[in-house]
Amino acid sequence: MKNVFVAVAVMFSVSLLGCGGPEAELQSEEHAPTTEQLALRPNCADIDSTACQTQGAIQQCSMVGRPAACLCNGTIWVCP
């Protein structure tokens, strides 16, 4: 009977290691933006140095296929 308990404990431990443990579930919920989502965002180069009015406003954009953001300095958009 003790061997069965040890075997079950080992199998459970191995399954946690194989799955990445409980933290793996939290990380899997954070999804990177898909190509389609990035396609919906304007290109940062198109926004950079164009006029804006609300200081501190943020405009989401994509730069080289990756998510980025531009910041309004009160007169123009400043992008990375």
Exercise for review: Could you please find all residues in segment 30-80 being among the basic types (Lys, Arg) and modelled with pLDDT under 90?
Suggested key: ARG41
Study note, to complete from the structure: Within segment 39-65, residues being open to solvent by less than 80 Å² (accessible area, probe 1.4 Å), touching a residue at least 24 places away in the same chain (Cβ under 8 Å) and of a type in the set (A, V, I, L, M, F, W, C) number 4
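The values are calculated or read from the model by the stated rules, or taken from the named source; none is laboratory data. Being a predicted model, the structure only gives us computed values, none of them experimental. In this analysis, Cβ positions are derived from the backbone assuming ideal geometry, glycine residues included, and neighbour counts consider all displayed protein chains. Side chains are part of the model used for accessible areas, which takes the heavy atoms of the whole protein and leaves out ligands, DNA and RNA. Shrake-Rupley method; radii C 1.70, N 1.55, O 1.52, S 1.80 Å.
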